[in-house]
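First up is the structure itself, then whatever we jot down about it.
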Amino acid sequence: MPDTSLMDAPPAPAVPDVATPPPATPPISDPKPPAPTTEPVKDGPPADGSKPADDSQKANTPAVPEVYADPKLPEGFTLKPEIKAEFDALAKSLSLSQEAYQKVIDVQIKHQENEVKAAEQWRADRNAKWAEESKKELGPNPDETLRFAAKAIDRVFPDPKDAAAFRNELAASGLGNWNLMLRAFTYFGKAISEDRYVDGKPAPGAPDKTLAQRMYPNQPSNPNAF
């Protein structure tokens, strides 16, 4: 076996110099932030188109009164307590201010005024139509026909005050122009003129008549009539 010498031994590993620092490790770069799972909030109006309420808008919102004051009404109009209570409950459920409450009342009054005007116009047109029909029915001697109608009214209402009140009501309602009303009173006036009643009693020597015969003198007599 060949001799070996120390010269032939493998060299010992080199011992690093303590004073020499290890090579610098490159810095690790910051990792990227994770992608957001939802879209970020963007400035601007909401997606539904409504405007976001800010503090100034909230401050300018009219307050809902605890109790609604009586609304302003035109002259001649009144608001019943039970109807006002319904308006108050509706306004409260809709969070209306006193100003908005008044506007609702104004709209209701406007429609009511229109309805009243329409009713008055209808009544005026009806009365005018009745007057034309009555003039045709009265014929060439209207004064004579009306005299019989007036006599019937005076017989039904012997008290002048009652007769005047009845005539005023006929004029106010328009029924005084109704040809059927004139026909009825004219017929009755002629009937009492022919019988020549005196305080409801027949003329001396006149035969007694039943109520039916006095009211309807041209009808066939009925022995069973009252």
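The LEU90 and LYS161 beta-carbon pair, evaluated with R₀ = 35 Å, returns a calculated FRET efficiency of approximately 0.15. When peptides 105-115, 176-186, 72-82 are ranked by their average number of other Cβ atoms within 10 Å per residue, the highest-first order is 176-186, 105-115, 72-82. In the structure shown, the pairs LYS135/LYS161; LYS72/LYS117; LYS135/LYS190 are assessed against 25 Å; a Cα-Cα span above that value is assigned to LYS135/LYS161.
Computed from the coordinates by the stated procedures, all read-outs in this text should not be read as laboratory data. Please read all numbers here as calculations on a predicted model, not as lab measurements. Virtual Cβ from ideal backbone geometry, glycine too; neighbours counted across all protein chains shown.
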